[in-house]
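Below: one structure, written as structure tokens.
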């Protein structure tokens with residue numbers, strides 16, 4: 001009797017291995033497009049490809065191992081339609097790799113959903129860019145491949161991570177002409193020591209009260225330098241559905257996205273905040289920011 005129980009138990013444990021991959025879904029396009037053989041999680045029906053990045057950074061002289069956070073990955077799960085998947089992923093990047101990796105995602109059918117840090121005091125600095133998408137498995141995997149390959153293209157051109165922007169430094173003394181920027185933004189901005197700032201409130205409801213521009217719920221753009229050689233930095237407060245169009249618009253104008261995250265919890269409607277930095281002529285930068293504002297429901301005049 002004991003032998004029978006052992007034999008039956010072994011057979012039951014062997015069944016999931018036989019049925020590990022569901023009928024009707026072929027993971028081959030994922031491996032073919034990414035060049036990485038996916039691992040399979042039978043419990044959650046997820047195929048995952050990973051790209052470890054060794055010796056990227058140190059914290060207090062200790063090298064961060066890929067196992068503890070320096071691996072880029074993408075996880076695919078089949079959807080209802082034949083051959084279609086939902087994909088979610090995270091990419092560990094040096095600062096000068098963020099723009100190229102983000103462009104690769106946005107230009108190939110993926111959404112960029114977050115950009116932030118995971119550590120303190122790491123050297124060089126690392127950023128983590130989260131992506132997602134839904135569609136044909138081969139197409140989604142091909143897009144993931146382009147994102148995963150973006151850092152390699154940057155490093156093949158410059159072995160060491162950049163420590164500064166390629167553009168020249170802006171003048172230490174600011175002399176930004178406010179009038180042309182007022183005209184572009186459709187409102188009178190603030191001036192301070194030759195700098196300029198325009199801000200647009202995006203009020204939300206929280207705990208039965210309204211939080212608006214004065215509470216920090218706003219889109220804004222600040223300018224320094226001079227009219228010909230300026231920097232712009234600021235923040236966009238966007239609805240979830242507005243995030244991707246704004247990212248594409250700003251990136252298309254050569255403006256760097258430096259963070260994507262939330263500032264609050266429980267607000268209605270929910271807002272995502274993205275921080276940006278650009279360099280160039282002041283009016284060109286203002287037009288780029290205004291074009292992105294116009295893709296949102298933010299009231300840009302008044």
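The table that follows gives values for the structure above.
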quantity	calculated
Pairwise label distance in nanometres, residue 165 with residue 123, each label 7 Å out on the Cα-Cβ vector	2.5 nm
Global form of region 62-188, assessed from the alpha-carbon gyration tensor, a/c cut-off 1.5	oblate
Global geometry of region 61-120, whether rounded, prolate or oblate, following the gyration tensor of its Cα atoms and the 1.5 cut on a/c	oblate
Choice from 55, 136, 103 with maximal GNM fluctuation in the chain (Cα, 10 Å cutoff)	55
Three-way shape call for region 95-161 based on the alpha-carbon gyration tensor, with the a/c threshold at 1.5	oblate
Burial ranking of peptide ranges 38-47, 60-69 (average Cβ count within 10 Å, highest at the top)	38-47, 60-69
Reported label for calculated percent of Cα pairs over 33 Å apart given (i) 31; (ii) 38; (iii) 26	(ii)
Sum of -39500 (n - 2.57) over DSSP H runs of 4+, divided by residues of the chain (222 nm, nearest 500)	-9500 deg cm²/dmol
Alpha-carbon centroid distance for the pair region 105-119 / region 71-100, whole angstrom	9 Å
GNM result for the chain, Cα springs below 10 Å: residue of 33, 114, 166 fluctuating most strongly	166
Listed residues 162, 224, 101, most fluctuating in the chain (Gaussian network, C-alpha, under 10 Å)	162
Ellipsoid equivalent to region 178-293 - semi-axes via the Cα gyration tensor, in Å	25, 16, 11
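Read-outs: derived from the displayed coordinates by stated rules, not from any lab. All figures in this text were calculated on a predicted structure; none of them were measured in a lab. Here Cβ is always computed from backbone atoms with ideal geometry, including for glycine, and neighbour counts include all displayed protein chains.
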